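Heads up, the thing below is written out as structure tokens.
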Amino acid sequence: MSQSSLESLLAIEQIKKLKYTYLRAVDTHDWELLSSTLTKDCSARYDQGKYSYDNRDELISGLRGHMDSPSVLTMHNCHHPEIELESAATANGKWYLQDLVFNKEQNWMLFGTAIYTDHYRLENGVWQICHTEYARIMEAVNSPIPASLAFTHNMFEAKP
């Protein structure tokens, strides 16, 4: 295998790790970690642009506003990555998203699927997301949350 092939494979693996870190940061409400995955000038267009942000600070603030509550529990899984390097410092990716959201305060739950389309940039030797968006394939909302659904653990609530 040539050096350039090895470098390409390493870049793709670094981008995969970047996306996984981004998802973990969202689900654990780790806004500092999430910030580290994004360029300062990143943009986001979630749900066909329903939620749109034009820089990192706006994006973090927007997600915090929707999710930074012990009553909001999420699970975002991305898989089937299709990553293409455009150059040594830019890349594009498509991912299949499955997400599950519980809003206990507003008493609804959501299950959805979507296709993420991302753009990445290598800055100071680190891959970061410079644009992210997704278009829904399917979304189902159940309200109220069924009474038979018991939450036996919530990392955001204080333990007795």
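Please treat every number below as a calculation from the coordinates, not as lab data. The structure displayed is predicted, hence computed values, not measured ones. Ideal geometry is used to build each Cβ from the backbone, glycine not excepted, and the neighbour counts take in all protein chains shown.
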Applying the Karplus parametrisation 6.51 cos²θ - 1.76 cosθ + 1.60 with θ = phi - 60° to the phi angles of segment 23-29, what ³J(HN,Hα) value in whole Hz is obtained for each residue in order, glycine and proline being reported as x?
5, 4, 4, 4, 5, 9, 6
Treating only the Cβ of Lys, Arg, Asp and Glu as charged (+1, +1, -1, -1), what charge dipole size does segment 3-142 show about its Cα centre? Round to the nearest 20 debye.
200 debye
Karplus 3J(HN,Hα) series, Hz, for segment 108-119 with 6.51 cos²θ - 1.76 cosθ + 1.60 (x for Gly, Pro):
9, 9, 10, 10, x, 9, 7, 10, 7, 10, 10, 10
Given the rule -39500 (n - 2.57) for each run of at least 4 DSSP H residues, summed and divided by the residues of the chain, what is its mean residue ellipticity at 222 nm, to the nearest 500 deg cm²/dmol?
-8500 deg cm²/dmol
What chymotrypsin sites (Phe, Trp or Tyr not before Pro) does segment 95-160 have in DSSP loop regions with at most 16 other beta carbons within 10 Å?
Phe151, Phe156
Lysine pairs within segment 3-142, Cα separation less than 19 Å, 8 or more sequence positions apart or different chains
4
GNM on the chain, C-alpha springs below 10 Å: top fluctuator among Ile129, Ile145, Ile115?
Ile145
Using each residue's phi in segment 74-81, evaluate 6.51 cos²θ - 1.76 cosθ + 1.60 at θ = phi - 60° and report the 3J(HN,Hα) Karplus result to the nearest Hz, with x for Gly and Pro.
9, 9, 10, 10, 10, 8, 6, x
Got the relative contact order for the chain handy, in percent, Cα pairs under 8 Å and 6 or more residues apart?
21 percent
Rounded to 0.05, the calculated FRET efficiency for the beta carbons of Lys50 and Leu10 at R₀ = 45 Å is 0.80
Relative to the first principal axis of the alpha-carbon coordinates of the chain, what is the inclination of helix 56-67, with its axis defined by its Cα atoms, in degrees from 0 to 90 and to the nearest 10?
20 degrees
About its Cα centre, what dipole magnitude does segment 110-160 give when the only charges are +1 on Lys and Arg Cβ and -1 on Asp and Glu Cβ, stated in debye to the nearest 20?
120 debye
Footprinting exposure proxy for Thr37, Thr117, Thr28 (fewest neighbouring C-beta atoms within 10 Å first):
Thr28, Thr117, Thr37
Could you point to the residue in Ala158, Cys78, Gly93 farthest towards the positive end of the chain's charge dipole, with +1 and -1 charges on the Cβ of Lys/Arg and Asp/Glu respectively?
Ala158
Out of Met67, Met138, Met109, a Gaussian network model of the chain with alpha-carbon springs under 10 Å gives the largest mean-square fluctuation to Met138
Say the dipole of the chain comes from +1 at the beta carbon of Lys and Arg and -1 at that of Asp and Glu; which of Phe102, Ser69, Trp127 then lies farthest toward its positive end?
Phe102
Treat each spin label as a single point 7 Å out from the Cα along the C-beta direction, and report the Ile115 to His66 distance in nm.
2.0 nm
Per residue, what volume in Å³ does the Cα convex hull of the chain take up?
136 Å³
Efficiency of FRET from Cβ geometry, Ser36 and Asn107, R₀ 30 Å, rounded to 0.05
0.35
